[in-house]
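A.B. asks: Let me give you the structure first, and then I'll get to my questions.
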Amino acid sequence: MFGRYWDEANDLFHSRLPADSDDKRFDYWWQAQALDVLVDAYERSGDRIWLERGRRLFGGVVKRNGGLTNDYYDDMLWFALALQRLHRHDPDDRIAAAIRHLWRDIRRGRNGHHGGGIAWRKQQADYKSVPSNAPAVILGARLFREAGRQENLDLAIGVFEWLEKTLVDPDSGLIWDGINRRGDGRIDRNWLFTYNQGTFIGAAMELHRATGERDYLEKAARTAKAAMSRLVDENGILREGGLGDGGLFKGIFVRYLGAFARMDRAKGGAYAEFLVRQAEALWKLADPPERPVFPAAWRGGPARGRNELGSQLSAVALLEQVAAWNKDDGA
């Protein structure tokens, strides 16, 4: 996949194939997800070529974007989280400085509209959504664990509490998408996206790691079980299958579900079995099997029409999570 989509001249990934159909399209947050997958490949293989590609992608994004930041807090969070993972293996001061710069900008998005939380974008301060809040909890908790700065943990806990109060369905544990998208104060209860479930699971996991409180793990497990039973078809395969930004949603969900499974292997078997079921369904649709392109939907038929980077990244993220589980198991 990396060879098919990589733009050697610009140190970026093409957003779709064939490459000349891009129309010079640039998706900042898609590139962030691609960086996450590059780090996955390094952690699985130990081959530093993936770190080198990650450094190049970091530079390519900054150059193409005209700097580190943009208008969307969730976009910057995806990039900061991926850079943080890269920095664990590549202690380049430029990467560390970029993470600090992004985090300063992201923190400015927190305000009192609708009781707290971080805005979705700078030009819409009163619209709050899960993608601009759950990843902030993950990042804040990780930064606290790395450097011990209490204000980062305080922000993470405060934003998590706001999420629970505002966007968690108390009956099911599923995560609603946002509040006040249309300026009417309403919650998007009908928008149940896999990536929101995944980042909430990740947020709860990281707060457990930062505080030692097991209550966070119970909250993560409740949401995981609800998503695995409610967001799937009759065969237990995730229903989401759209192109565009939606093509990336499942990849984010399986990333954090896989991490949750590995956090406690004695209890993670059910989550791992779920991921294997998704991977088996996906692989049947690989076309061609020797150098596969994957469809956006993990049920139905092989990829047809637009071959977008987002849906390919979700597929590779899933396969990497299954590989990580098997690697930890010694398989």
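The values are calculated or read from the model by the stated rules, or taken from the named source; none is laboratory data. This is a predicted model, so every value here is computed, not measured. All Cβ positions, even for glycine, are placed from backbone atoms using ideal geometry, and neighbour counts span all protein chains on display. We work out accessible area using only protein heavy atoms, side chains counted, and drop any ligands, DNA or RNA first. Shrake-Rupley method; radii C 1.70, N 1.55, O 1.52, S 1.80 Å.
A.B. asks: Please verify whether the range 59-73 includes one or more residues that are open to solvent by 10 Å² or more (accessible area, probe 1.4 Å), closer than 25 Å to residue 159 by Cα and assigned to a helix (DSSP H, G or I).
C.D. replies: Looking through the range 59-73, at least one residue is open to solvent by 10 Å² or more (accessible area, probe 1.4 Å), closer than 25 Å to residue 159 by Cα and assigned to a helix (DSSP H, G or I).
A.B. asks: Also: Within the set of pairs 6+ apart or on separate chains, which have a first residue in the range 161-173 that is within 16 Å of residue 218 (Cβ to Cβ), a second that is assigned to a helix (DSSP H, G or I) and of a type in the set (Lys, Arg), and C-beta atoms under 8 Å apart?
C.D. replies: 164/219; 172/230; 173/219; 173/222; 173/225
A.B. asks: Within the range 129-141, is even one residue open to solvent by 10 Å² or more (accessible area, probe 1.4 Å) and of a type in the set (S, T, N, Q)?
C.D. replies: no
A.B. asks: Just to be sure, is residue 120 aromatic (Phe, Trp, Tyr), in contact with a helix residue (DSSP H, G or I) (Cβ under 9 Å, 6 or more places away or on another chain) and part of a helix (DSSP H, G or I)?
C.D. replies: no
A.B. asks: With the condition kept exactly as written, say whether any residue in the range 229-247 is aliphatic (A, V, I, L, M), out of contact with any Lys or Arg (no Cβ under 9 Å at 6 or more places or on another chain) and closer than 30 Å to residue 162 by Cβ.
C.D. replies: no
A.B. asks: Another one. Could you please find all residues in the range 89-120 being over 30 Å from residue 49 (Cβ atoms) and open to solvent by less than 60 Å² (accessible area, probe 1.4 Å)?
C.D. replies: Passing the criteria: 105, 106, 109, 111, 115, 116, 117, 118, 119.
A.B. asks: Now, a different point. Scan the range 11-58 residue by residue and report those that are among the polar types (S, T, N, Q) and either within 21 Å of the chain's Cα centre (by Cα) or modelled with pLDDT of 95 or more (or both). So that I can check it myself, show each step before the final result.
C.D. replies: Filtering the range 11-58 down to residues among the polar types (S, T, N, Q) leaves 15, 21, 31, 33, 45.
Those that are among the polar types (S, T, N, Q) and either within 21 Å of the chain's Cα centre (by Cα) or modelled with pLDDT of 95 or more (or both): 15, 31, 33, 45.
A.B. asks: Something else now. Return the residues of the range 126-143 that are part of a helix (DSSP H, G or I) and touching a Gly at 6+ places or on another chain (Cβ under 6 Å); say none if nothing qualifies.
C.D. replies: Once the filter is applied, which keeps residues that are part of a helix (DSSP H, G or I) and touching a Gly at 6+ places or on another chain (Cβ under 6 Å), the range 126-143 yields only 138.
A.B. asks: Quick check on residue 247: is it under 27 Å from residue 18 (Cβ atoms), of a type outside the set (Lys, Arg) and open to solvent by less than 20 Å² (accessible area, probe 1.4 Å)?
C.D. replies: Taking the combined requirement at face value, the residue satisfies it.
A.B. asks: Could you tell me which numbered condition residue 3 fails, if it satisfies all but one of (1) small (Gly, Ala, Ser); (2) under 30 Å from residue 151 (Cα atoms); (3) in a helix (DSSP H, G or I)?
C.D. replies: Condition not satisfied by residue 3: (2).
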